[in-house]
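Asker: I have a structure here, written as structure tokens, and I will follow up with some questions on it.
The values are calculated or read from the model by the stated rules, or taken from the named source; none is laboratory data. In this text, all values refer to a predicted model and were calculated from it rather than measured experimentally. Cβ placement follows ideal geometry from the backbone for every residue including glycine, while neighbour counts extend to all protein chains displayed. The accessibility values were calculated without ligands, DNA or RNA, using every heavy atom of the protein model including side chains. Shrake-Rupley method; radii C 1.70, N 1.55, O 1.52, S 1.80 Å.
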Amino acid sequence: MNGNTTANGSTTAPAPNPDKKHADWAALFVAALALVVSIWTACQTEREIRESERDRARQERAYLAVEDVRLVQYETGKPWKVAYAIENHGQTPAFDVVDSFQVGVFDAPISSTLERQFATLVDRPGSSTINKQLSRAIVGPALPWSKVRDIAQGRKAFVLLGRVKYKDVFEQPRVVRYCFALRTLVGGEVMQARCPVGNDGT
């Protein structure tokens, strides 16, 4: 029989057991600690999964760059022609590629005007998919002798600048800007250099 019996035969409630009370608090603490550890482990696992996905995306995504810029036709009184290639250095194709560009003759040095020129670019209609390379050629109006002379003497620069927008295989939008200055003529050849700003990307 539980409890204590008094002299008149009645039964009183059993005295509290301090050991049992401590055991209950200990069990509650252990349960709370286990919950905290479980939540922390889940957060760590989720973070590791996200980092793994980001690493995979960085390794497998498309990386576009404009290269092999050439002024293939450049004579006084004749239309000029610029050729270049959009290279994909990534492991997967680039989708919805839109190349918007501008070609012009600017006063040297050109650094102060480039950002304004990039701001005026308008996305051109149409898009394409690039697996490895897309070759482009732009033909423009004839240059007068005075501009050809100024370019040869370094007072002006023949500039190709542009912006390529695309999506990678993970549906992430990307942008790469390019800018090349064709500054001087040596022995009939055009010397090419990257502009001081504008060659960057995401």
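Asker: If you take the residues of the range 74-98 that are on the phi < 0 side of the Ramachandran plot and among the charged types (D, E, K, R), which of them is surrounded by the most Cβ atoms within 10 Å (Cβ to Cβ)?
Answerer: E87
Asker: Being touching a residue at least 60 places away in the same chain (Cβ under 8 Å), part of a helix (DSSP H, G or I) and either under 17 Å from the mean Cα position of the chain (by Cα) or surrounded by 10 or more Cβ atoms within 10 Å (Cβ to Cβ) (or both), is that true of even one residue in the range 41-64?
Answerer: Among the residues of the range 41-64, at least one is touching a residue at least 60 places away in the same chain (Cβ under 8 Å), part of a helix (DSSP H, G or I) and either under 17 Å from the mean Cα position of the chain (by Cα) or surrounded by 10 or more Cβ atoms within 10 Å (Cβ to Cβ) (or both), which makes the answer yes.
Asker: Now, a different point. Within the group E115, E75, E87, E67, which residue is over 22 Å from the mean Cα position of the chain (by Cα) and either at pLDDT 85 or above or not in a strand (DSSP E or B) (or both)?
Answerer: Working: E115 fails: over 22 Å from the mean Cα position of the chain (by Cα); E87 fails: over 22 Å from the mean Cα position of the chain (by Cα); E67 fails: over 22 Å from the mean Cα position of the chain (by Cα).
Being over 22 Å from the mean Cα position of the chain (by Cα) and either at pLDDT 85 or above or not in a strand (DSSP E or B) (or both) holds for just one of E115, E75, E87, E67, which is E75.
Asker: S112 fails exactly one of the following numbered conditions: (1) open to solvent by 70 Å² or more (accessible area, probe 1.4 Å); (2) small (G, A, S); (3) in contact (Cβ under 8 Å) with a residue 40 or more places away in the chain. What is the number of that condition?
Answerer: (3)
Asker: Further, regarding this structure: Give the residue, chosen from L134, L161, that is open to solvent by less than 80 Å² (accessible area, probe 1.4 Å) and within 16 Å of D200 (Cβ to Cβ).
Answerer: The conditions single out L161.
Asker: Right, something else. L121 - would you say it is among the hydrophobic types (A, V, I, L, M, F, W, C) and loosely packed, with under 15 Cβ neighbours inside 10 Å?
Answerer: yes
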